[in-house]
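The values are calculated or read from the model by the stated rules, or taken from the named source; none is laboratory data. Since we're looking at a predicted model, the values are computed, not measured. Ideal geometry is used to build each Cβ from the backbone, glycine not excepted, and the neighbour counts take in all protein chains shown. Note: accessible area is taken over every heavy atom of the protein model, side chains too, but ligands, DNA and RNA are not part of it. Shrake-Rupley method; radii C 1.70, N 1.55, O 1.52, S 1.80 Å.
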Amino acid sequence: MKINPKCAAAVAAILGTRLGAVAAADRSATTEASASTAGIQEVVVTAQRRSENAQDVPIAIQAFTGDTLKELNVTSFDDLLRYLPNVTAPSSGPGQDQVFMRGLSAGSVATQSGGSISGFPNVAIYLDEQSGQLPGRNLDVYAADLERVEVLEGPQGTLFGAGAQAGVIRFITNKPKLNVTEASVSGGYGVTAGGDPNSDITAVLNLPLITDTLAVRGVVYDDRRGGYINNVAGTFTRNAARDLSIHYANFATACSSGVPVGGVCTAPGATVTAFGVPPGSPVIDNNALASRAINPVTYQGVRVSALWKIRDDWTALVTQSYQSMDAEGVFYQMPIASDGAPLAQQSVNLFNNSYNKDKFENTALVINGRLGDLRVVYAGSYLVRDVSTVQDYTNYARGKYADYYQCTHGPAVDNGLPSTCYSPSTTWNETERNTHLSQEIRLSTPDEWRMRAIAGAFWENLQIYDQLNWDYKTLPPCTASVMFGCLTDIGPIPGSDLNNPALVRPGVGFFNDVKRGYKQRAAFASLDFDIVPKVLTVTAGTRYYHFDNVEKGAVVGSASFNPAVPSCYNGPPAPCTRLATDIDTLNNQTTYKGFKSRANLTWHIRQDVLAYYTWSQGFRPGAFNRFTACYVPDASGIGQYCSPLAYESDKLTNKEFGWKTEFLNRHLQWNGAVYQEDWKNVQVSFFDPGVLGNIGFNTNGPDYRIRGVETSFIAVLVEGLTAQGAASWNSSEQTNSPFLIANNPALLANPASAGEFGKPVLVFGNPYGQLGTSSANSPPFQFNLRLRYQWVMSSYNLFAQTGATHTAHSYTQFGSNPALSAGGNISTNQLRFENPPFTEYDASLGVAKDAWSAELYAQNLTNVIASTWTSDAQFSLQQQITRPRVLGVRLGYKF
């Protein structure tokens, strides 16, 4: 074994660096300057499971090399998103993004209980060879020591499977280098406008252990981002005009005849015509929690990989990754305080601590080799992700049913007890575990053959273990001696297959405990044939998929609004499972199987001008609702529409013409694509307590057609000066107008209702939306543009860079969801809001000499605070905002 003599010095330098110190950025201005002089650098990608120049790949790709990520100061997914036109990600905070491409979105749902109720994502997130999809929560891979990020737009189902219906985002790490000893340390410090400072450090070491045979590479990082949201002091006071469920307190303020006495209509035959807040109801404040900059984020992680060259044509790569992300507080502002007063920018009223802790570890093995002329790749990975979230839910007390859980129901129900309301201070908390085991084997022919092929088999087992407790019950629990003015504690259903079979906390009014699984088997093949060698190529590929979906567990609540099912009010001592669904008994098992294909014609008009046409299909599996229920009663009181227990897959067909060109001796690159995507049987989510029940459900509904243009360019204007930009134009519209169809079999049993069965339910606005309305999260225009100038002064390499990003307006939900009326109360957590357009500017300048580098940078230079997504998921307006201006310095040193 030969150990390189540089090893000791490199290891000592890294280990001797204090984690809190400000260290150096891994950047080579000399390399960048020479590349600018010589022309545009080639970027190698593996979008088609083989290494190719991105300019030769007939796919719309946005590729960011490791150097580009550093130039843009991109480390998290939210940083990257700013430079991805045609990609949007409504978010509740880091690691809680729902990623969409090309406007393929029917709206965003609340993060809470996403593991149980949200549909499968239609954009795949990959860490090297491992897919990491999880409903409602993207895998937020910290961009430390990455070789590149590839963003593949349009269906990629042939080579990447069902999660790639709309596209793929791939984080590709740097691999160990044989016979190379190198190390780098980078770090920075910055300040946030209206917030706390930021600091980060990353250290990388590549170490050969056995010459020509074995090398290891490791990276460790610690990034602490200061908060910028302020929790301002405030109160929460019950208000009869704003609290939609105050009638449950049964405190009369007006009667059909006479005057109420002590909240009771005493006149003979009198009925209550108005309800109010019972006297003595508590007013709470958040003085103990009021603080500035409550939302700091910390990313910490380590990744170690070992490359073993078994022989000349066989290698094995083992990688172990670990990351912890701790996001405190919330990442939205509230324009209106809990008691109705306007709030300043970057402010909220929270009455309980909130956080999101997200950890993952991934173990991966990749074996590359050859069997004769065939290249063989085996890739196996095991991902484990654990998420723990707590969020303030106090504003739920303004909602449609909250006071059922927080107020005694008055003397008529409580055997003479007076109406009383308890504290509205509540939370929801979720514990989610995700395991993802996948294995794939691929065989491919040599790249120089006229007919080239790739074929493989894929197997994966994705498991989700989700527990969510809504802690909004503040009524005291019933006991053997207290049987009025209480709600019995709820507990698990005996015999259910649960994550937590223990009795839940006294404050829980409703919980989900769900185990959900996807098992996929697939076989795929893709064939390229050069009709005219190096000029005209036809490609055809298909994937056979077989999905088995299953869901088990239980849903339990303490209240029932169905007269036939008594609630836990005045219930038995404990536990109560009266409003409960044993999912195990529903036999929630579905299978999806079939083929999804792709065909492509590529024409190299000349060596540096390529045009292509692609027809491709996308797919994602369906899933389950927690139970089925019937809504919208007819004149006989029979619910006309019953929500489905299982909803189906939706389907996508893409037609795309694209081009990739280079001119002026590789000093100008211009790429683009024009596409039409037809999205059928789209999965949509409903939650409208006044019409379709207090429990959200998913179903299939409208069709959409999305037409758009994407383009990007790179231009070396003069020696050292480079301009680069990308833009997208999108036009989406709903192409049909389905209605809810009366499907309740009980209608057929009633002669007065039988004629309604099979007909549209027309007694309220069409929840599926109208023809011509746009899809959600689909800005019609997005662009980014930047200029970078590099020059040499004496022996110093210098650069200056400036850039802008712009996003046009968009809508948070598809066209059926109502907008919030002026001064109106929030009765559903899926209102449709318009996100405003906004533009941000960045700038940086730096210097490098020998192994050292230094950089000053500004992000969001003009400090634009814009809402990127507005939600009312917690019965208050929450505007997810752009990160305020960050000014920072970054230093670097290479060994």
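P(r) tail for segment 326-377: Cα pairs beyond 14 Å make up 71% of the total.
Within the chain, the ratio Rg/Rh, alpha carbon atoms throughout and Rh by Kirkwood, equals 0.99. At a probe radius of 1.4 angstrom, the accessible area of the chain per residue rounds to 38 square angstrom.
From largest to smallest, the equivalent ellipsoid semi-axes obtained for segment 479-574 from the alpha-carbon gyration tensor read 57, 13, 11 Å.
Segment 631-660 and segment 296-334 have Cα centres lying 38 Å from one another. With a cut-off of 13 Å between beta carbons, the residues surrounding ASN744 carry a summed charge of -1, where Lys and Arg count +1 and Asp and Glu -1. Counting only protein heavy atoms and a probe of 1.4 Å, the accessible surface of segment 581-623 is 54% carbon and sulfur.
The spacing between segment 704-749 and segment 205-237, judged by their C-alpha centroids, is 33 Å.
Is the shape of segment 185-275 best called rounded, prolate or oblate, per the rule: a/c under 1.5 gives rounded, else a/b larger than b/c gives prolate, else oblate, with a ≥ b ≥ c the square roots of the Cα gyration tensor eigenvalues?
Prolate is the answer for segment 185-275, as a/c is 1.5 or above and a/b outweighs b/c.
Placing unit charges on the Cβ atoms of the charged side chains and taking the dipole of the chain about its Cα centre, the candidate lying farthest along the positive direction among LEU664, VAL684, ASN863 is LEU664.
Annotation: Cα Rg of segment 188-228 relative to the compact-globule expectation 2.2 N^0.38 Å equals 1.88. Peptides 598-610, 164-176, ordered by how many other C-beta atoms sit within 10 Å of their residues on average, highest first, read 164-176, 598-610.
Listed highest first by mean packing, meaning other Cβ atoms within 10 Å per residue, what order do 182-195, 251-264 come in? Walk me through the numbers before you get to the answer.
Values: 182-195: 20.5, 251-264: 16.3.
Ranked from most to least packed, the peptides come out as 182-195, 251-264.
Straight-line cross-link reach from LYS894 at under 27 Å between alpha-carbon atoms covers these lysines, not counting any fewer than eight positions away in the same chain: LYS2, LYS6, LYS70, LYS175, LYS177, LYS309, LYS849. Across segment 628-717 the C-alpha pair distances fall into 10 Å bins from zero in the proportions 14, 25, 19, 16, 12, 9, 4, 1 percent.
Expressed as a whole percentage, what fraction of the accessible surface of segment 102-248 belongs to carbon and sulfur atoms when a 1.4 Å probe is rolled over the protein heavy atoms?
Details: 1830 of 3260 Å².
Carbon plus sulfur share of accessible area: 56 percent.
Please report, as a whole percent, how much of the solvent-accessible surface of segment 460-553 comes from carbon and sulfur atoms (probe radius 1.4 Å). It is 65 percent, rounded to a whole number.
Note down the net charge around GLY39, summing +1 for each Lys or Arg and -1 for each Asp or Glu among other residues with Cβ under 12 Å from its Cβ.
With Lys, Arg at +1 and Asp, Glu at -1, the net is -3.
Apply the Debye scattering formula to segment 488-635, with a single equal point scatterer on each alpha-carbon and no solvent, then give log10 I(q)/I(0) at q = 0.10, 0.14, 0.15, 0.18 Å⁻¹. Each listed q corresponds, in turn, to -0.59, -0.79, -0.86, -1.04. Ellipsoid fit via the Cα gyration tensor, segment 381-521: semi-axes of 52, 16, 11 Å, each the root of five times an eigenvalue, largest first.
Considering only the other residues whose Cβ falls under 14 Å of the Cβ of TYR841, what net charge follows from Lys and Arg at +1 and Asp and Glu at -1? Please list the in-between numbers first.
Working: positive: ARG82, ARG786, ARG883, ARG885; negative: GLU840, ASP842.
Around TYR841, the surrounding residues sum to +2.
Taking only the C-alpha atoms of segment 836-895, the Rg (one decimal) and the largest Cα-Cα distance, Dmax (whole number), read 17.4, 57 Å. Which lysines have a Cα less than 23 Å from the Cα of LYS473, not counting those fewer than 8 places away in the same chain? Those lysines meeting the cut-off are LYS400.
Relative to the 2.2 N^0.38 Å rule of thumb, segment 132-207 has a C-alpha radius of gyration ratio of 1.52. For segment 567-705, the calculated P(r), taken from all Cα-Cα distances in 5 Å bins from zero up to the bin holding the longest distance, is 2, 7, 11, 12, 12, 11, 9, 8, 7, 6, 5, 4, 3, 2, 1, 1, 0 percent. I'd like the orientation of helix 29-38 relative to the chain: the angle between its Cα long axis and the longest Cα principal axis, in ° from 0 to 90, rounded to 10. The two axes meet at around 70 degrees. Ellipticity at 222 nm from helices only: DSSP H runs of n ≥ 4 in the chain, each -39500 (n - 2.57), divided by the residue count, give -1000 deg cm²/dmol.
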